[in-house]
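Only one structure is covered here, and it is reproduced in the block below.
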Amino acid sequence: MPELVSINGQSSEVRIELQYLPCLEYFTCLLQYDRIYIDVDERYVKQTYRNRCSVLTTNKIDILTVPVKGYDAASPTKDILIDYNQDWTRRHLGCLKSAYGKSPFYEFYAPEFIRIYQKKLPFLVDLNYELLTNCLRLVGIKKDIRYNLSGELEGKIGVENAISLINNKKSQNSNQYYKSVPYYQTFGNDFVSNLSIVDLLFNMGPEAKSVLLRSCKSQ
């Protein structure tokens, strides 16, 4: 049986989209629910966290984007193909090494991420799901997480809809699930909040879960 780690102590369910190396708010959201339905049938929205993440480099925040092949405006996320004609994996892995190569836990965790990229998974949802599963395991969070098609939840009572709530187009003050809790970061004197989970993992290692629990905003 999965370990239930909900913050409010009550059984709860949420529907959410898959994101690429999600930000901390995504994980604080997952922590507040017992069962997570990963909706792979929802409409794909470009220029969102579905295929991009933010990391902290020497002097700026860098946005890493997974290029995708052409698609129709109404295409479901499960049909989105990754474009490997662009050498994006080398760029992403190079950026992560440049940003976190000297971080305390990079050498311990990086090989597990590299193995996932080397698979060259054709669909974005499969890449995102493998990365999410790996991150949850490294953080130490066990959840009842299920792939789900949008129509399967029709009529189901008590499932919160968090689709597109965690996005890169809102102000830092509008976070619904996350509050900023500073932790050690390799670069800079000013803490940068709500970056990709890899920032927390590579810098804090086994303490990452504690930081996330303290970062949960009570609903």
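The values are calculated or read from the model by the stated rules, or taken from the named source; none is laboratory data. Nothing here was measured: the structure is a model prediction, and the numbers come from that model. A quick note on method: Cβ atoms are made from the backbone with ideal geometry, for glycine too, and the neighbour counts reach across all protein chains shown. These area figures cover heavy atoms from the full protein model, side chains too; ligands, DNA and RNA do not enter into them. Shrake-Rupley method; radii C 1.70, N 1.55, O 1.52, S 1.80 Å.
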Legend entry - Elements of type strands (runs of 3 or more DSSP E) contained in the stretch 12-93, each with 1 or more residues being of a type in the set (Ser, Thr, Tyr) and either in contact (Cβ under 8 Å) with a residue 40 or more places away in the chain or open to solvent by 10 Å² or more (accessible area, probe 1.4 Å) (or both): 35-39, 52-56, 61-65
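For the stretch 157-173, which residues satisfy the criterion of being surrounded by 11 or more Cβ atoms within 10 Å (Cβ to Cβ), in a loop (DSSP other than H, G, I, E, B) and modelled with pLDDT of 75 or more?
Scanning the stretch 157-173 gives Ala162, Ile163, Ser164, Leu165, Ile166, Asn167, Asn168.
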Legend entry - the stretch 94-115, residues that are in a helix (DSSP H, G or I), touching a helix residue (DSSP H, G or I) at 6+ places or on another chain (Cβ under 9 Å) and open to solvent by less than 30 Å² (accessible area, probe 1.4 Å): Leu96, Ala99, Tyr100, Tyr109, Ala110, Phe113
Inset, instruction - Of all residues in the stretch 118-133, count the ones that are open to solvent by less than 10 Å² (accessible area, probe 1.4 Å) and of a type outside the set (A, V, I, L, M). - result: 1
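Within the stretch 197-219, can you find the residues that are hydroxyl-bearing (Ser, Thr, Tyr) and either touching a residue at least 12 places away in the same chain (Cβ under 8 Å) or open to solvent by less than 10 Å² (accessible area, probe 1.4 Å) (or both)? Outline the logic, then answer.
The first filter runs over the stretch 197-219 and keeps only residues hydroxyl-bearing (Ser, Thr, Tyr), leaving 210, 215, 218.
Selection gives Ser215, Ser218.
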Legend entry - Residues that are without any contact (Cβ under 8 Å) to a residue 12 or more places away in the chain and under 18 Å from the mean Cα position of the chain (by Cα), drawn from the stretch 112-132: Arg115, Asp126
